[in-house]
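Peer 1: Before I ask anything, let me first share the structure, which is written out below as structure tokens.
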Amino acid sequence: MKLLKKISLGVVLVFVAMQFYSPTKNISPGNHTKTFIIETNPSPELKAVFETSCYDCHSNSTTYPWYNNVAPISYWIASHVKEGKEHLNFSEWETYSIDKKDHLLEELEEEVVAAKMPLTEYTYLHGNAKLSNEEVSALVEWVTQTRIIYQLGKLPK
Ligand code: HEC
């Protein structure tokens, strides 16, 4: 057998073998971001923005696209979700201190104003996740209002 043929066969075999392993899915039933929503009180429009543009990587429940059934794409998605959740997990808002919540909101504003979030790899395939200018302004306003509440909470009693 020619070397090239052997290499191609090897690549195909590795690809097939990969399909037997799929990373554990990030799925939680029910209202997993309840505390975040009650505490920060976003408008229905902003709530929808979080659902469409952020929760897939920043919550305990991801809505998976069909191509998540194909390795190594599934590995790549799983690593984004893992990393996103390590930085910010809206489903675990109750576990953060007031300082951390305040800081995360500051970061959130910076990321959306600089158009760094949602990640371009994501908006490329999820066109509706891209934030409009109006959505960014609404997020900034919501961050300002919510941070005032957290800052008041940090004042000595
Ligand atoms: C495709 C996955 C994905 C989506 C969708 C996504 N993020 Fe992220 N996000 C990440 C990853 C990965 C990181 C960490 C690495 C980095 O900063 O690039 C991150 C980091 C962040 C951080 C930084 C937190 C810190 O500790 O500094 C903020 C804030 C953030 N994202 C907010 C958002 C918001 C708000 C949305 C929705 C508008 C969003 N992200 C959508 C994957 C995602």
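Each value in this text was obtained by applying a stated rule to the coordinates, not by laboratory testing. On a predicted model such as this, the values are computed, not experimentally measured, just so you know. Counting neighbours? That spans all protein chains shown, and the Cβs are built from the backbone with ideal geometry, glycine included.
Peer 1: So for region 42-133, averaging the separation of alpha carbon pairs under 8 Å that are six or more residues apart and normalising by length, what relative contact order in percent results?
Peer 2: Once normalised by length, the contact order is 33 percent.
Peer 1: Quick one: compute the contact order of the chain, relative version, from alpha carbon pairs under 8 angstrom and 6+ residues apart, as a percent.
Peer 2: Normalised by residue count, the contact order of the chain is 26 percent.
Peer 1: Here's another thing I want to ask about it. Do the sum for the chain: with -39,500 (n - 2.57) for every DSSP H run of n ≥ 4, divided by all residues, what is the mean residue ellipticity at 222 nm, to the nearest 500 deg cm²/dmol?
Peer 2: Per the formula, -19000 deg cm²/dmol.
Peer 1: Please provide three numbers in whole Å: the alpha-carbon extents of region 41-154 along the principal axes, with the largest listed first.
Peer 2: The Cα atoms of region 41-154 stretch 48, 30, 23 Å along their principal axes.
Peer 1: How long are the semi-axes of the equivalent ellipsoid of region 8-76, defined as square roots of 5 times the Cα gyration tensor eigenvalues? Whole Å, largest first.
Peer 2: So the equivalent ellipsoid measures 36, 11, 7 Å along its semi-axes.
Peer 1: Something else now. Name the residue farthest towards the positive end of the dipole of the chain from the options 79, 29, 53, assuming +1 on Cβ of Lys and Arg, -1 on Cβ of Asp and Glu, about the Cα centre.
Peer 2: The residue sitting farthest along the positive end of the dipole is 79.
Peer 1: Suppose every Lys and Arg Cβ carries +1 and every Asp and Glu Cβ carries -1, with no other charges. What dipole size does region 1-114 come out with about its Cα centre, to the nearest 20 debye? List each step's numbers first, then the result.
Peer 2: Values: 10 positive and 15 negative charges, 251 e Å.
Dipole of region 1-114, to the nearest 20 debye: 1200 debye.
Peer 1: Order by neighbour count: 40, 123, fewest other Cβ atoms within 10 Å first, most last.
Peer 2: Going from sparsest to densest Cβ surroundings: 123, 40.
Peer 1: Something else: Of 130/154; 85/130; 25/47; 101/130; 34/82, which pairs sit farther than 29 Å apart, going by alpha carbon to alpha carbon?
Peer 2: The pairs that break the limit, which is 29 Å between Cα atoms, are 130/154.
Peer 1: A follow-up question, please. Please rank 18, 117, fewest neighbouring Cβ atoms within 10 Å first, as an exposure proxy.
Peer 2: On the way: 18 14, 117 22.
Starting with the residue having the fewest Cβ neighbours, the order is 18, 117.
Peer 1: Pick out, in residue order, every one of the trypsin sites (Lys or Arg not before Pro) in region 12-93 that is DSSP loop and has at most 16 other C-beta atoms within 10 Å; say none if there are none.
Peer 2: On the way: sites: 25, 34, 47, 82, 85; in loops: 25.
Passing sites in region 12-93 are 25.
Peer 1: What does the highest-first list of 6-17, 58-69 look like by mean Cβ count within 10 Å?
Peer 2: So the order, starting with the most tightly packed, is 58-69, 6-17.
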